[in-house]
Amino acid sequence: MSTVEPPESHAFPPQALRDYAVLADGERAALVGPRGEICWLCAPRWHDEAVFATLIGGGGTYAVTPEERYVPGGHYEEGTLIWRSRWITQSGIVECREALAYPGDPGRVVLLRRVEACQGPARLRVVLHPLAGYGAAPLTEPHRDEHGVWTARAGGLHLRWTGGATARLTDAPTDAGAEAAVGVHTETGGTDARTGTGRGTGSRRATRLVLDLRLDAGQRHDLVLEIGRTPPPGPPPEPGAAWARTEQAWREAVPALDDTIAAGDARQSYAVLCGMTGASGGLIAAATTSLPERAEEGRNYDYRYVWIRDQCYAGQAAAAAGQYPLLDAAVRFIGARLREDGPELSPAYTVDGGPVPDQRELDLAGYPGGYDRIGNRVNRQFQLDAFGEALLLFAAAARAGRLDGDGRKAAEIAADAVARRWQEPDAGIWELEPRAWTHSRLICSAGLRAMAAAGPPGPQARRWTELADTLLAATTATALHPDGHWQRAADDPALDAALLIPALRGALSADDPRTRATLQAYTERLTDHHYAYRFRHDDRPLAAAEGAFVLCGFAMALAEHQQGREVEAYRWFERNRAACGAAGLYAEEYDITQRQLRGNLPQSFVHAMMLECAVRLAGADGVPERPPSSRGPRR
């Protein structure tokens, strides 16, 4: 009796975000699901089109999956983005060690997978089905050489696959809707039995490579996939050497961070930030696009770009930890953007410093509950707070003795931009309609004050301090609520989590009545059992409008720490530290009702704030540690 295989979009359907791990090498990232499927990979760079896109309803996958019944699991090797998929099967235990070769080559993906039968024999099926252009361009020109190495094309990409010598070339199962969406025709003229090369009529074919892998106990098998815009140079990488280089690079990149709290998680967050930072110095905000923040509410965005604010958070976290490569990368990338664009600084750029493309939708099914978008409308926004965050970053570098002449010039440009533009409405930290957002002005005041204090005294430092005082006074006059706390804007009396951050950065002191009143009011109105929300959307309960914002939960930990309430600080830290997936990755939001991650994954600024919390709560940033104690109720 013959059977018909389900389409791959059904065989490897989207999973809950908590079940994914990410592989990243600084230049791109891949998401790995519990069935051993690579369901997301853009090639060759972050913002290029995906070649594996089943995550968002596109085509293409690369799966290593046990053939027996199994229970999935996995973990990262300590302080790396080397992932070990692990399956307990009917016959034993099998693992697939996987990574993107690190550090990455900007022009070429090298994906390493090593399958090992840890206990008992293993039977696995390997499916390599690349479809470039989010599923529009199938595999063409497949060829297996005398050494069993496959080469092929997919759209404008060249592929080489080592380790699949006995793989067979087959037509991929597709459904009619998928075929229509990507323009695939499945009629073929057969396959050459000696070379594996298709003898088609020239029509586009939904072809894939399938390998039946059999391992005895203790055996292992290496697979190496290369993808680039040009044919792969030289011989294929030797797997053992590629693994050794990757292991050594991670050891050198990620510090021990033993003087932090939750040191293992701090190391993992540091590794995520390393994996999201490219050779250009730019840190990508998230590896994915279009993962909805809330089902069917239209909050789907493409975060495969460098946000100035997010990278400043990461740089400041690294500075607090005394780990300077990530700080230096941030200063280099953001300084270059300021020197090039000056007061017209964009809120976000591509990893190469180019403009973010306009937002548009893809004709794909999307991740359930959402739909697909690429590009981002942030390219049309002005965000004043980006200048303040840049000044805070440069001040941190100056205090560490790591701000050179180019960095000081960039700081001067940022300060001049604040002087010129602080009275203009801007989109603010949450990228909303332009207004005179309170957070934007206060964070610029904090940045000016920090930069003035970090440099030599003189006329320039005095000007920056005076401008900081002007912004603080003007904001106090227009955006201080009658109850004594900061309000979102002069014409908006509501509260906002962002209003906690300026005091953390020195815009005003911890014991200033405005700081304390804001923290008390925010805690009472926008938090729930140590989960924090950005702002109130409407009259619905907080959890019904959006997920808890994990970044804001860590900001609450820092705010309580600043007030000397260490027990509360630790409670906030631990609650939000747990709001991650099985791989320890954080998304932007956490749905506390369903205990699910929401939004794109992994979200760099959450990992940055987690790292900063781990440093500061331990007193590892040079600030004297206060012993955990309860200081009574807030005023």
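The values are calculated or read from the model by the stated rules, or taken from the named source; none is laboratory data. The structure displayed is predicted, hence computed values, not measured ones. Don't worry about glycine lacking a Cβ; one is built from the backbone with ideal geometry, like all the others, and counts go over all protein chains shown. Just the protein is used for accessible areas: all its heavy atoms, side chains included, with ligands, DNA and RNA removed. Shrake-Rupley method; radii C 1.70, N 1.55, O 1.52, S 1.80 Å.
In whole percents, the pair-distance distribution calculated for the stretch 576-617 from its alpha-carbon pairs, binned every 5 Å from zero, is 6, 25, 33, 22, 11, 4, 0. Put simply, the amide H of Arg229, placed in the peptide plane, has neighbours under 5 Å in His158, leaving out anything fewer than 5 places away on its chain.
Would you work out if the stretch 1-120 is rounded, prolate or oblate? Take a ≥ b ≥ c from the square roots of the eigenvalues of the alpha-carbon gyration tensor; rounded if a/c is under 1.5, else prolate when a/b is larger than b/c, oblate otherwise. Because a/c hits 1.5 or more and a/b fails to exceed b/c, the stretch 1-120 counts as oblate. Largest accessible area first, the residues Asp302, Asp19 order themselves as Asp19, Asp302 under a 1.4 Å probe with ligands, DNA and RNA left out.
Under the classification rounded if a/c is under 1.5, otherwise prolate if a/b is larger than b/c and oblate if not, where does the stretch 471-578 fall, given a ≥ b ≥ c as square roots of the Cα gyration tensor eigenvalues? Since a/c reaches 1.5 but b/c is at least a/b, the shape of the stretch 471-578 is classed as oblate. Computed from backbone phi, the HN-Hα couplings of the stretch 460-465 come to 5, 4, 5, 4, 5, 5 Hz, rounded to whole numbers (Karplus: 6.51 cos²θ - 1.76 cosθ + 1.60, θ = phi - 60°; Gly and Pro given as x). Dividing the Cα radius of gyration of the stretch 391-524 by its Kirkwood radius returns 0.98 for Rg/Rh. The dipole here belongs to the stretch 530-609: it is taken about the Cα centre, uses +1 on the Cβ of Lys and Arg and -1 on the Cβ of Asp and Glu, and is about 100 debye. Report note on the peptides 113-121, 435-443: ranked by the mean count of other C-beta atoms within 10 Å, highest first, their order is 435-443, 113-121. To the nearest 20 debye, what charge dipole does the chain have about its Cα centre, counting +1 at the Cβ of each Lys and Arg and -1 at the Cβ of each Asp and Glu? Charge dipole of the chain: 600 debye, to the nearest 20.
The calculated 222 nm mean residue ellipticity attributable to helices in the chain amounts to -10000 deg cm²/dmol, summing -39500 (n - 2.57) over DSSP H runs of n ≥ 4 and dividing by all residues.
In plain terms, the bigger the Kirkwood radius, the slower the diffusion; for the stretch 282-405, with that radius from Cα pairs, at 10 °C and 1.306 mPa s, Stokes-Einstein puts D at 103 µm²/s.
Taken about its Cα centre, the stretch 422-558 carries a charge dipole of roughly 440 debye when the Cβ of each Lys and Arg holds +1 and the Cβ of each Asp and Glu holds -1. Protein heavy-atom accessible surface, 1.4 Å probe, per residue over the stretch 51-146: 32 Å². Evaluated on the stretch 331-385, the Kirkwood hydrodynamic radius is 12.9 Å, with distances taken between all distinct Cα atoms. Here each label is just a point 7 Å from Cα along the line to Cβ, and for Glu433 and Thr470 those points are 2.9 nm apart.
Relative to the longest principal axis of the Cα atoms of the chain, the long axis of helix 405-421 makes an angle of roughly 70 degrees.
Counted over the stretch 410-479 with a bin width of 5 Å, the fraction of Cα pairs per bin, in whole percents, is 3, 18, 28, 24, 15, 8, 3, 1.
Only Cα sites of the chain enter the Debye sum here, all with the same form factor; the resulting log10 I(q)/I(0) across q = 0.05, 0.06, 0.07 1/Å is -0.23, -0.33, -0.45, listed in q order.
Farthest toward the positive end of the dipole of the chain, out of Ala263, Leu542, Ala287, is the Cα of Ala263, where the dipole comes from beta carbon charges about the Cα centre. Spatially, the stretch 249-316 and the stretch 523-588 are offset by 18 Å when compared through their Cα centroids.
The length gained by stretching the chain between Val567 and Arg540 to full extension, at 0.36 nm per residue less their Cα-Cα distance, is 6.7 nm.
Here the accessible area of the stretch 427-529 is 55 percent carbon and sulfur, with a 1.4 angstrom probe and all protein chains present.
What's the angle, to the nearest 10 degrees (0 to 90), between helix 239-253's Cα axis and the longest principal axis of the chain? Once rounded, one gets 10 degrees.
If I fit a long axis through the Cα atoms of helix 263-275 and take the longest principal axis of the Cα atoms of the chain, what angle between them do I get, 0 to 90°, rounded to 10? Roughly 70 degrees, rounded to the nearest 10.
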